[in-house]
Structures are given as C-alpha cells and as structure tokens.
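Reading through the structure tokens given below for one structure.
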Amino acid sequence: MSTEKQSKWEAYKQPVILIACVLVGAVLGIVLGDKAAFLYPIGQIWLNMLFVLLVPLIFFSISSSIAAIGDTRRVGKLLIMTIAIFIITAAIAGTIMFIVTAIFKPDTSITIETTSAAVESAEQSIGDQIVNTFTVSDFPDVITRAHILPLIVFTVFFGMTVSTLGEKGRAVSEWLVNMSTVFYQMVNILMKFAPIGLACYFANLTGTYGPELLASYGRGLLIYYPTMFAYFFIFLGLYAFVAAGRWGVQHFFKEIFVPALTSLGTRSSAAALPLQLRACDNMNVPREVSSVVCPMGATMHMDGACLATVYEIVLCCALFNHPLNGLGDYAYALVIAVAASIAVSSVPGGGAAMETMLISSFGFPSAALPILIMMTQLFDPGCTLVNSCGDTVASMMVSRFLYGKDWYKRAPEKAD
C-alpha cells in the first residue's frame, strides 16, 4: 500500500471500523429481536464510563481554559459571543420549521387520549424555571450530569476567580491544565472500545424497538427528519463556511462523523461531548474556545430541539384550536421555542421541561402532554444529532470572530 493511501486509510480507519460495527450491531438486533437484550450491559457499560468522565472533563477543561486566559474581559467576550451564536442559530432553525409547516401542514388526525398523569413541573413559575435551570441549592447537586448548566456556571465562576488571583493562582491554573490533559487522555483510551460499545448498544436498540412505532406519527416524521437533515447539511455547512470557508466545510464534515454517529445512536449530547472536543482539536479550534462552547452547547445550544419544538407548537395549535395569527403570535412562538429548547437537558428523555413549558406558555390542556411526549421521543435522535454537531460548528464560528479568518492556521493545541 502506498504512503498516500496508507495515510488516507489512517484518517478514515476509525470511522470505517465504527460504522461497520454499528451496522453489524443493528442487523444483529433486527435478527435477534428481544433476544439482543443480552448485549445491553456491554453497550451501557461503555456509555456509563463515558458519562462518568463528563463532569470532571467539563470542570477541568473549562476552568483550566478560563484560568489560563488571565484577561477577564476576554472571558466575558467569549461567553457573550457564544450565547449570541446559540440564540441566533436556534432562531434560524425555528424560522425554517415555521416555513416548512406552512407548506406541509401537520396531520391532526392523531387520537388524543386524556391522561391522569399530572403535568408535575408545569406549575413552576418562570422565575423558578430560571433559578432551577442555572443554579442548584447544594454543592453535591452541582457535580452531577443531571445539572450540567449549573455545573458550567460554577466552573466559569471558579476559573474566573483563579484568573483574577494572578501569580497566586498560577499553581492552581497549572494543576487544572494537567488534570484536563489527564481526562482528555482517558477519553482517547475509552474511544478505542467505541466500536464494541456502540455495536452492542445499537443491537439492543434495534432489537427492542424494531421497525415499528411509525403509525399515527408518520407525517410528523416525514416532515421533521427531511427538514432536520437539510438543516444539518445546508445550514451547519453554511456556518462552517462562515467560520473557515471551503476548508471549514470540508474538515467539519470529515471530523463530525464519529461524534454525529454517537449522538444519533445514544440520543445524548453529553455522550458525544468528549468526541466533539476531540473533533475541535483535530480542526485546530483553540482549547480555550472549544472547552467553553461545547460543554455550554451540550445544554444550551439546541437547534434540533428548536426545530422539533416549533413543529410541536404548530401541531398543538391546530389540534386545540389555538391558531397563530399575525407576526406577533409567530414571534412569541419563536421566543418560546428558543427558550424551551435551551431548557432541554443533554441526556435522553430530557424534554420534560420543554413539554411543560409549552403547555403552560400556550395554555394547552393536559391532553397535549402524551402527544408532546411521543413526538419528543420520535424526534429525539434527530434533535440530538443537530444539537450536538451544532456545538462543534459554533466553536468554529466563535474562533473565527475571536481570532480572525485564519484562526485554523494557528499552532495546534492537541492533547498529549
């Protein structure tokens, strides 16, 4: 094999092996059906190990990057730019879905079954939702993946505090950098077992659910998934072009393959987070950018969820005779969709906050809850794919606006 062919094989070896193992797992699941459940522990063990690394990885990567910057004004600029990009891209996604649903109307023939299940968190005030989204009341709660956004708030505060100490904080800053290197390496080691872990996970997934499940919600799937894939390839590609021209588009779609497959298969932005950070490394995104943008994005950057939320708003408005009239109603719905998508958790099945927020904001009856729950479950893999991969391209755009158009030509910052 020539040197050129060998280098190309090395570049694509891991994705090829991974997709081959996932396909084998999926076929195995379809053939074995429920019997494929015996593979579940293997896949879940691998996924749990990835989850265990999540909290310390977020803490050390963000805090070390911020502590090393030294200029708190630069930190503030980074955070403001990151949040602005999150909001703008989510609003674009929501607007696109409004246009699509205006052309292809949602199916309103779904059987609505009332349920005695209470909308438990729907009674929370907006103030309580804001407080619970950004903070927790006890320190042990902040070091769990169930409270990623409060963890990020605490970590940013910690990193900025170390930064303000100057020379006194240097030893702490160096320790944080060393610890972040350790956890990056742990992720690299764990990823060597990704083909086995994801193959087993997919086998159980396809064995449990099979090709069924697409009955009365078929039209929703036919509308959402083509829109989602169009947004993925066209708009994420456009954002990559804004970040780094043709180079950005080419390298983004090359490096995003493994994180995209992981997020699609596991339905978890959190599971794909270490892989997103590694993809950013491979594209030479500065660590001080990716280690802040990607973890924040895992909880706050939800373009895929915004696509789904707008569809669900339009569907429920049609089902419950709550028409959207005029630009004011659409603007309000878009604000709610963006806000609700930001409230979505980064783990599978984390759409309860979004669903209850929609119900309380529009005054939908409790009968809307089972519809929204089912829709969220069906849309969740596609949502997670766009949510997660959008974090990587957001890191590229932040790098473009912070460091200029040639940001990717800077000296690489690879993990040891």
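In the complete set of protein chains, residue-level accessible area for Asp303 is approximately 0 Å², probe 1.4 angstrom. Summarising the label geometry, the points placed 7 Å from Cα in the beta-carbon direction at Asn321 and Ala20 lie 6.0 nm from one another. Measuring with a 1.4 angstrom probe and ignoring ligands and nucleic acids, Met396 comes out at about 0 Å² accessible.
Give me the extension gain from Tyr332 to Thr161: residue separation times 0.36 nm, minus the current Cα-Cα distance, reported in nm with one decimal. Before the final figure, lay out each step's value.
Numbers: separation 171, 0.36 × 171 = 61.56 nm, distance 3.78 nm.
Roughly 57.8 nm would be gained on extension.
For Phe134 and Ala91, the difference between the fully extended length at 0.36 nm per residue and the C-alpha to C-alpha distance is 13.4 nm.
The values are calculated or read from the model by the stated rules, or taken from the named source; none is laboratory data. Source: prediction; values computed, not measured. Here the Cβ is made from the backbone with ideal geometry for all residues, glycine too, and neighbour counts use every protein chain on show. Remember, those area values only see protein heavy atoms, side chains included, never the ligands or the DNA or RNA. Shrake-Rupley method; radii C 1.70, N 1.55, O 1.52, S 1.80 Å.
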